[in-house]
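Quick notes on the structure that follows.
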Amino acid sequence: MSESVYTVARGNLAENIIRADIAVCDSEGNLIKSVGDPQKVCYMRSCAKPIQALAVIESGAQSRFHFDNKELAIFCASHNAEPQQLQAVESVLRKLGLKEDNLLCGKAVPYAGRQKEIYKAGDFAPRALVNNCSGKHAGLLASCIANKWRITDYFLPSHPVQKLVLDIIADFCAIPKKQIICGVDGCGVPVFAMPLANMAKGYAELLQPTRVKASRREAAAQICIALRKNPLFIAGTGEFDSLVNFHTNGKIIAKRGADGVFLAACADGPAVALKMESGSNYYAPFVMFEALRQLGCLTKIQQNNLIAWSEKNNLNCRGEVVGTAKAEFVLRKAASDV
């Protein structure tokens, strides 16, 4: 059952209590700490993207098209449609000989950051390129082109590229494919549900692979290098997951997902999977910051650089302090492994 993890107080009264579930695995994939139910089954949403991106390498697309680190990073992104991010997607499409119309992620406008305000003020029309999942879809198309698979229905679960992605997800997350619940994500492709503990296992394996075969270990290393060199690409300017990657020099790779899912892993430590009970994306970074702090993953300097996601004052419209807003939970030793 979900537990209270974040409290917004007005005066001495807790006005809003936010609940969540958290699973923490060590570098070998053992469940070691938790809050609430670490076996809670939920969708990975966009947190799956860094693992999904391995299909670009395993399919042979990387060997054929020689994507640079920015292009590899954009395959993992839930981007804010910033210019350099869109340029990376366009670069991939040029290498594939495809156009924006081949992206079957649906048309959208930027959903966060400064670009959202620019589009709103300029009354720009939605575009597939601007969809925050356009990088992931470009990667799927690359895998299709490399193997001469159809590109008209690559979003279907029965398509070879989606079967490859499912196999990789199951392998890294240490869960049989038949136990993964598949739904349809916001961008139209399959989305995967499993226990939080297995999600944490997947991120632990991504950064410190020990169980998967050698070729997948090498692919994971390539993706992690790309993200370390391009932290902005995984989300965007001012976004918590991009800033965590940046301020830790890639020691921690964090990734947000829709509906309050957040995953992170430390290159020489644990991995964390978080699901906000309410589906709030707003509170998830604050809770993840506190989890990483408790686990000793952040130095004092790094904590200071990410201070915006620590305890804060609750202010009224006149700028007066009327209370506090802070994460309040303790990661406890987990009762059992998956």
Query raised in the report: Going by a ≥ b ≥ c, the root eigenvalues of the Cα gyration tensor, does the stretch 294-334 fall in the rounded group (a/c under 1.5), the prolate group (a/b larger than b/c) or the oblate group?
Result: oblate
Query raised in the report: Over 24 Å between Cα atoms, which of Lys49/Lys116; Lys95/Lys251; Lys178/Lys201 qualify?
Result: Lys95/Lys251
Query raised in the report: Sorting Thr210, Thr324 on the 10 Å Cβ count, fewest up front, what's the list?
Result: Thr210, Thr324
Requested in this report: Could you tell me whether the stretch 165-273 comes out rounded, prolate or oblate from its Cα gyration tensor? Rule is a ≥ b ≥ c as square roots of the eigenvalues, rounded for a/c under 1.5, then prolate if a/b exceeds b/c, otherwise oblate.
Outcome: oblate
Query - Among Gln294, Leu140, Asn304 the positive-end extreme of the charge dipole of the chain (Cβ point charges) - result: Leu140
Query raised in the report: Order of Cys76, Cys144 from fewest to most other C-beta atoms within 10 Å?
Result: Cys144, Cys76
Query - Residue among Phe65, Gln222, Ile169 farthest towards the positive dipole end of the chain, charges placed on Cβ - result: Phe65
Query raised in the report: When the Karplus curve 6.51 cos²θ - 1.76 cosθ + 1.60 is applied with θ = phi - 60°, which whole-Hz ³J(HN,Hα) does each residue of the stretch 232-238 get, with x for Gly and Pro?
Result: 4, 6, 6, 8, x, 4, x
Query raised in the report: Ranking Asp153, Asp21 by Cβ neighbours within 10 Å, fewest first, what do you get?
Result: Asp153, Asp21
Report summary line: Per GNM of the chain with C-alpha springs under 10 angstrom, the most fluctuating residue out of Cys224, Cys317, Cys173 is Cys317
Query - Label-point separation in nm, Ser278 to Lys148, each point 7 Å along Cα→Cβ - result: 5.4 nm
Query raised in the report: Shape of the stretch 1-160 from its Cα gyration tensor (a ≥ b ≥ c, root eigenvalues): rounded if a/c is under 1.5, otherwise prolate when a/b > b/c, or oblate?
Result: oblate
**Report entry** Counted charge near Val330, where neighbours are those whose Cβ lies closer than 11 Å (Asp, Glu -1; Lys, Arg +1)
**Finding:** 0
Report task. Can you tell me the dipole magnitude for the chain around its Cα centre, using point charges on the Cβ only (Lys, Arg +1; Asp, Glu -1), in Debye to the nearest 20? Result -> 440 debye
Query raised in the report: Where does the chain land at 222 nm, in deg cm²/dmol rounded to the nearest 500, when only DSSP H runs of n ≥ 4 count, each adding -39500 (n - 2.57), divided by all residues?
Result: -10500 deg cm²/dmol
**Report entry** Semi-axis lengths, Å, the stretch 3-333, gyration tensor of Cα atoms, sqrt of 5 times eigenvalues
**Finding:** 32, 24, 17
Query raised in the report: If we count every other residue with Cβ under 11 angstrom of Leu103's Cβ, Lys/Arg +1 and Asp/Glu -1, where does the sum land?
Result: +1
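Read-outs: derived from the displayed coordinates by stated rules, not from any lab. What you see is a predicted model, and the numbers here were worked out from it, not measured in a lab. Methodologically, a virtual Cβ is constructed for each residue, glycine included, from the backbone with ideal geometry; neighbour enumeration extends over all protein chains shown.
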